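Notes follow once the structure below has been shown.
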Amino acid sequence: METIKLDLEQYRKILKEYLLTKNETALYQAEQFSKLSMQHNISPEEIVNVHIKALKELYPNLPKEVDDSLNFLLEAMISYGLAYQEFQTLREKQSELKSEISVAAKMQETLLSTVKPNIKGLDIGAISVPANQMSGDYYHFVADNDDTLGIAIADVIGKGIPAALAMSMIKYSMDSFPENQREPSAILENLNRVVERNVDPSMFVTMFYGLYNPNTEMFSYASAGHEPGFYYHADKQLFEEIEAKGLVLGATDNAVYKQFEKKINKNDRLILLTDGVTECRVGDRFIERDEILEVIQRYIHLPAQEAVEQVYKHFERLQEFQFRDDFTLIIIQKLV
């Protein structure tokens with residue numbers, strides 16, 4: 001297919017053979033002609049134009065109606081060709097964007113990675129699964145030399161790359177705080193100023209931060225508008241909501257966060273989560289709070305990591321393996 005003239009000669013022969021014989025060989029040749037045309041970036045309207053010329057050479061006295069219909073087809077194919085080129089351009093851009101998002105997701109996974117600490121007397125389980133490639137959820141453990149454990153769990157109101165960047169900023173801000181400023185209320189107040197100054201006003205962050213001291217067995221905590229967690233009383237097999245209120249991060253530059261304390265008893269559990277757990281759906285119906293606690297209680301006797309994984313798998317099946325929001329769940333059991 002070096003020239004259009006050569007294409008026309010080839011096409012005329014193929015068309016004539018098919019019109020005279022109706023055999024499969026001519027159809028196969030037409031198929032090969034189309035493939036070759038695609039390789040040479042020949043547009044649909046060019047092929048239609050070649051078809052019209054070949055047909056008129058074979059049948060010079062075509063009825064006017066047929067001639068007009070062929071011209072109509074040619075105009076339609078010109079519009080089709082332009083639309084197809086635009087579509088191909090969009091597909092290429094979409095492919096590039098997917099590739100960039102994939103790279104960004106891997107970077108986010110690296111930047112926000114946290115090591116589940118080995119704290120004597122605690123069994124810790126954590127799982128965080130994004131609904132899409134980029135997650136708007138975040139959790140982080142901070143273990144000090146005295147086995148004091150800091151636990152952060154957060155959710156950006158907003159998704160995608162901006163949410164990932166906001167989470168990265170929060171994580172590295174937390175890492176920069178000195179060890180003598182680990183009180184939950186102070187952590188949230190400092191982070192609030194960081195978010196208010198550096199994050200777009202349309203984006204807010206909910207966050208819960210807790211600090212467990214094994215020497216006193218006390219768990220101190222504060223919340224910035226985050227989903228309430230639960231305290232599980234092992235002896236009574238009952239859940240108690242962890243009540244803590246506070247403004248979301250970034251709403252105002254002078255927010256103050258109240259700090260609470262709770263003694264953690266042997267075999268009891270802390271359950272921290274994001275709204276991707278509490279807002280699971282079955283069809284168009286949100287799962288009720290009691291239903292969620294029933295599922296958690298079903299697996300609460302398992303080691304903490306196995307428990308969070310089984311809860312996740314349960315809701316994954318319930319939602320037909322398609323979460324609408326990021327899913328993050330942490331269970332911490334006091335062993336001694």
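The values are calculated or read from the model by the stated rules, or taken from the named source; none is laboratory data. Computed from a prediction, not measured in an experiment: that's the story for all the values here. Here the Cβ positions follow ideal geometry from the backbone for every residue, glycine too, while neighbour counts run over all protein chains shown.
If the requirement is being touching a strand residue (DSSP E or B) at 6+ places or on another chain (Cβ under 7 Å) and surrounded by 16 or more Cβ atoms within 10 Å (Cβ to Cβ), which of these qualifies: Ala251, Ala186? Steps first, please.
Numbers: Ala186 fails: touching a strand residue (DSSP E or B) at 6+ places or on another chain (Cβ under 7 Å).
Unique residue meeting the criteria: Ala251.
Based on this model, can you work out whether Glu24 counts as within 15 Å of Tyr11 (Cα to Cα) and among the acidic types (Asp, Glu)?
Working: within 15 Å of Tyr11 (Cα to Cα): no; among the acidic types (Asp, Glu): yes.
Spelling it out, it is not the case that Glu24 is within 15 Å of Tyr11 (Cα to Cα) and among the acidic types (Asp, Glu).
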Revision key, fill the gap. Of the residues in the range 68-83, those that are within 14 Å of Lys56 (Cα to Cα) and among the charged types (D, E, K, R) come to Asp68
Revision key, fill the gap. With criteria (1) in contact (Cβ under 8 Å) with a residue 12 or more places away in the chain; (2) within 24 Å of the chain's Cα centre (by Cα), Leu165 comes up short on (1)
Practice item. Taking Gly150 as the residue in question, decide whether it is assigned to a strand (DSSP E or B), over 30 Å from Leu97 (Cα atoms), in contact (Cβ under 8 Å) with a residue 24 or more places away in the chain and in contact with a Leu (Cβ under 7 Å, 6 or more places away or on another chain). Key: yes
Practice item. Quick one: which residue in Ile14, Ile52, Ile42 is modelled with pLDDT under 80 and either surrounded by 11 or more Cβ atoms within 10 Å (Cβ to Cβ) or of a type in the set (A, V, I, L, M) (or both)? Key: Ile42
Practice item. Please indicate, with yes or no, whether at least one residue in the range 297-310 is out of contact with any His (no Cβ under 9 Å at 6 or more places or on another chain), buried (at least 20 other Cβ atoms within 10 Å of the Cβ) and over 16 Å from Ala126 (Cα atoms). Key: no
Exercise for review: Give just the number: which of (1) modelled with pLDDT of 80 or more; (2) more than 30 Å from Met167 (Cα to Cα) does Asp7 not satisfy?
Suggested key: (1)
Exercise for review: For the range 92-101, indicate whether the set of residues that are outside the structural domain of Pro162 (by TED's automatic domain parsing), small (Gly, Ala, Ser) and farther than 30 Å from Asn132 by Cα is non-empty.
Suggested key: no
**Study point:** Subset of the range 234-289 (residues that are of a type in the set (D, E, K, R), within 27 Å of the chain's Cα centre (by Cα) and either part of a loop (DSSP other than H, G, I, E, B) or farther than 22 Å from Ala224 by Cβ (or both))
**Key:** Glu279, Arg281, Asp284, Arg285, Glu288
Review point. Among the candidates Ala126, Ala104, Ala131, which residue alone is modelled with pLDDT of 85 or more and either of a type outside the set (Asp, Glu) or over 24 Å from Met174 (Cα atoms) (or both)?
Key: Ala126
Practice item. Test Ala222 against the criterion of being in a strand (DSSP E or B), crowded, with 21+ Cβ neighbours inside 10 Å and of a type outside the set (Lys, Arg), and give yes or no. Key: yes
